[in-house]
Amino acid sequence: MKKNKIEFLDLGQQPLANYYLNKSQIKKKERKYRLIVCFDKQNKLVSIKKTFPSEMMFNNKYPYRSSMSQTMQKSFKKLSQQIKKEINPKKILEIGSNDGSFLKNFSKKISIGIEPCSNVERITKKQKFNTIPKYWNIKLAKSILKNHGSIDLIYSANTISHIKNLNDVFKSINLVLSKKGVLIKNTYDQFYNEHIYVFSYLSLKNILKKYDLEIYKIDNLDIHGGSNRYFIKRISNKIRINNSVLKQQKKEIKYGLDKKNTYFEFKKRVENSKKRLVSIFNYCNSKNKRIIGYGATAKSTTILNYCKIDNATIDYFLDTTKDKQNKYTPGTKIPIYKYESIDNKNIDFIFLGAWNFKDEIFKKEKKFVKEGGRFITHTPYPKII
Ligand code: JHZ
């Protein structure tokens with residue numbers, strides 16, 4: 001397996017993406033690692049080279065809350081309506097239920113949430129949902145099967161890419177999924193320590209085959225800047241394979257996602273993107289413009305550290321997540337404050353850390369734009385909007 005792995009992108013020294021620092025920590029040396037991204041020629045799978053133990057990333061201090069954006073909440077609501085109509089499950093299990101934004105659309109009687117970050121799990125438990133503060137693995141799957149029986153719908157919004165041992169993940173799913181059960185999985189493309197894998201259709205198809213599972217439908221979503229929602233079934237289950245699967249296959253082959261050269265081209269685009277973003281920031285600095293950040297995301301940890309943009313350029317970040325407020329961004333040590341109105345703060349530019357929720361943010365900040373304020377984004381390419 002190792003022989004097949006090609007390293008194609010080096011994003012430099014990086015801190016743990018969601019490890020926000022408090023005041024006493026900013027003077028100390030931070031834990032850093034080299035973020036290198038690889039392509040596995042055999043499985044066509046993209047993954048990061050260095051991984052960390054789950055306990056180091058997903059513990060009782062996990063800051064991320066999926067309920068922090070209206071866009072996510074709406075997307076979960078829409079999906080739940082689709083599930084009720086098309087699958088009508090008697091039992092639902094979510095792997096990585098976070099603060100319950102997806103599960104809350106279903107009856108408490110039929111839902112089980114798996115969430116190892118106990119600070120976040122507690123939020124859903126308080127609402128009387130059946131949540132289990134454990135990591136998804138074969139041991140847990142066995143106990144769920146024993147206590148609850150098999151499951152008709154397993155949902156996971158990107159969590160599977162956070163778990164290193166894919167064999168254990170899919171074996172466990174196989175164990176609890178009912179004969180006619182369905183697995184729905186979301187995935188998207190960002191590199192940092194929590195995202196061990198980036199699943200294309202081509203790579204996921206190769207992996208699932210080993211567990212007698214296959215994809216029967218794919219929804220291309222706008223969420224998180226573009227993601228795929230995979231609907232997965234047992235091969236023995238005769239549900240018809242939807243046209244969307246062939247369409248996705250054609251698309252991925254056209255884009256060359258099965259070819260190593262595509263990834264080296266991607267590397268060149270990443271390097272150009274860095275140059276362009278740095279020059280935008282340099283321009284703003286040369287004009288003495290005030291820049292703040294909006295949404296201290298795990299994604300922006302990678303970008304800021306790769307482009308070496310720190311507190312000399314960005315004054316502070318605003319974020320609605322309580323557990324990130326009054327802390328500092330990992331590696332770049334930019335203060336994060338509670339989100340409040342940005343009126344009359346003499347802000348010239350806002351760097352969109354949460355670029356994936358740009359529409360939602362633009363709607364909220366109409367006044368800032370009307371009064372001449374501008375946004376800086378790095379995606380799909382660095383520009384001032
Ligand atoms: P957001 C996390 O990534 C980590 P991040 C994780 N590894 C993962 O897979 C994905 O989520 C799903 C703030 N915000 O969702 C809230 C505002 O302040 O892009 C959040 O801190 N105001 C589990 O961190 C951040 O932005 C707003 O109006 O990249 C968004 O984080 C809005 C809309 C958001 O995930």
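The values are calculated or read from the model by the stated rules, or taken from the named source; none is laboratory data. Predicted model, so just to flag it, every value in this text is computed and none were measured. Positions of Cβ are generated from backbone atoms using ideal geometry, with glycine treated the same way; all protein chains shown enter the neighbour counts. When the accessible area is computed, the model is the full protein with side chains, heavy atoms only, and any ligands, DNA or RNA have been set aside. Shrake-Rupley method; radii C 1.70, N 1.55, O 1.52, S 1.80 Å.
In the chain, the DSSP beta bridges split such that about 55 percent are antiparallel, to the nearest 5. Top mean-square fluctuation among S47, S227, S244, Gaussian network model of the chain, C-alpha springs under 10 Å? Comparing S47, S227, S244 in a Gaussian network model of the chain, the most mobile one is S244. Rounded to the nearest 20, the Cβ-based charge dipole of region 157-222 about its Cα centre (Lys and Arg +1, Asp and Glu -1) stands at 380 debye. Among K125, K358, K238, the residue with the largest mean-square fluctuation in a Gaussian network model of the chain, with springs joining Cα atoms closer than 10 Å, is K238.
Pairs from the table (K78/K289; K91/K338; K5/K32; K134/K209; K108/K134; K3/K333) lying more than 30 angstrom apart at Cα are K78/K289; K91/K338; K3/K333. Pairs exceeding a 21 Å alpha-carbon distance, out of K164/K238; K275/K324; K50/K299; K23/K125; K29/K267: K164/K238; K275/K324; K23/K125; K29/K267. Name the residues whose placed amide hydrogens come within less than 5 Å of the amide hydrogen of F351, ignoring near sequence neighbours (fewer than 5 apart) on the same chain. Close amide H contacts, sequence-distant or interchain: I292, G293, Y294, I376.
How large is the dipole of the chain about the Cα centre if only Lys and Arg carry +1 and Asp and Glu carry -1, each at its Cβ, rounded to the nearest 20 debye?
On the way: 79 positive and 33 negative charges, 143 e Å.
It comes to approximately 680 debye.
Annotation: amide H of T320 within the under-5 Å range of Y339, sequence separation 5 or more or interchain, hydrogens built in the peptide plane. Please report, as a whole percent, how much of the solvent-accessible surface of the chain comes from carbon and sulfur atoms (probe radius 1.4 Å). Roughly 50 percent of what the probe reaches on the chain is carbon or sulfur.
The GluC sites (Glu not before Pro) of region 190-253 include none that DSSP puts in a loop with a beta carbon having at most 13 other beta carbons within 10 Å. In the context of the full set of protein chains, the chain has a per residue accessible area of 50 Å² (1.4 Å probe).
DSSP loop chymotrypsin sites (Phe, Trp or Tyr not before Pro) in region 180-245 with at most 15 other Cβ atoms within 10 Å of their Cβ, which ones?
none
Shown in residue order for region 53-66 are the 3J(HN,Hα) couplings computed by the Karplus curve 6.51 cos²θ - 1.76 cosθ + 1.60 at θ = phi - 60°: x, 3, 4, 6, 9, 10, 9, 7, 10, 5, x, 6, 10, 6 Hz (x for Gly and Pro). Summing Lys, Arg as +1 and Asp, Glu as -1, what charge do residues with Cβ under 9 Å from the Cβ of G113 carry, G113 excluded? With Lys, Arg at +1 and Asp, Glu at -1, the neighbours total -2.
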